[in-house]
Every structure is written in C-alpha cells, then in structure tokens.
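Nothing in this text is a laboratory measurement; each read-out follows from the coordinates by a stated rule. Quick caveat, the model's predicted, so the values are computed rather than measured. Neighbour counts run over all protein chains shown; Cβ positions are idealised from the backbone, glycine included.
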Amino acid sequence: MPEPPASPPPDNPPAAARVTSPRHTGLLIFLAVLAAVTWSLAAHPWGWAFGLGVHPYPESSSTPWTYQLYSGFLPALTVVSLVTLLAGAWRHLNCHVDGCPRIGRYPVAGGRFKVCRAHHPDEEVRSRSVSHLHILTAHRAHLDRLS
C-alpha cells in the first residue's frame with residue numbers, strides 16, 4: 001500500500017523556531033544599553049565623563065583636564081573614521097562581481113555596474129586588445145541608443 005504524500009511544512013513554525021520579532025529586538029537593545037549605562041555609572045564615580053576626558057585631577061597637578069580626551073578618545077575616533085573611509089572606498093571602487101577583488105574600471109549596463117577587465121562582457125576588452133576603432137564603435141552604438 002503506497003504511503004500518503006508528505007504534508008508541506010506549516011505556514012506558522014512553532015514558537016521555538018521563530019525569529020525574534022522587531023519589537024522584542026528593540027527591547028533587547030534598550031535593555032543592553034541600559035545595562036551598559038548602569039555599569040558605567042557604577043564602575044567609576046564620574047561615569048562616561050571620565051572616558052571622554054573629564055577627570056578630577058588634583059589641583060596641584062600640571063596635567064590639563066583635556067589630556068585624556070586628546071590622548072584616548074579622539075585618536076580612537078580618528079582611527080575608526082579612517083578604517084571606515086578605506087572600507088567604503090574599496091567597496092565603491094572594486095569590481096561589482098561578487099568575490100572579485102580587482103578594481104572595476106569599465107562601466108557596463110549603462111553605468112549601473114563597474115567591472116574589471118576579466119568580467120567585462122566584451123571579448124576585445126577581456127583579451128586586452130582594445131583598439132581605437134572598438135572605442136569609437138562602442139561610443140557610436142551608445143549614442144544611437146540614446147537618440
């Protein structure tokens with residue numbers, strides 16, 4: 001006797017298999033930030049102000065109150081900014097084919113994508129034999145498409 005066909009998976013998975021809803025995610029983030037603020041205030045009497053450079057140095061100290069700000073927080077912020085700049089520039093300049101680390105110099109699909117020589121759809125570009133005639137032909141074809 002043949003077995004009945006397997007039933008399709010239910011539309012609503014059990015509660016244990018569901019992903020956390022956005023409402024719960026927001027609540028978890030809020031609680032994590034609240035715990036971090038509470039710990040910071042309890043860990044040092046000056047709390048986050050101490051980390052930003054407001055430090056109660058003794059009156060006889062020759063160290064300015066901004067020393068910690070200039071030697072800790074601002075250089076760290078500068079390094080993070082430079083790393084972010086480099087990552088964004090790399091993403092903007094590299095070939096748009098997934099996983100390709102080459103620089104994308106050739107616009108294709110009307111400029112929507114930039115690809116490297118290896119991923120260009122034209123055989124003349126891939127074979128490194130782009131002639132002036134090829135460029136003029138491609139330019140005329142592009143002008144014909146625009147008009």
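Brief remarks follow.
- Full-stretch length increase - A138, A35 - with 0.36 nm per residue and alpha-carbon distance subtracted: 31.0 nm
- Counting only Cβ charges, +1 for Lys and Arg and -1 for Asp and Glu, the dipole size of segment 106-146 around its Cα centre is about 160 debye.
- Rg/Rg_globular for segment 64-114, with Rg_globular taken as 2.2 N^0.38 Å and Rg from C-alpha atoms: 1.85
- Neighbour net charge for R105 - beta-carbon separation under 10 angstrom, K R +1, D E -1: +3
- For R105, distant residues with modelled amide H under 5 Å away: V115, C116, R117
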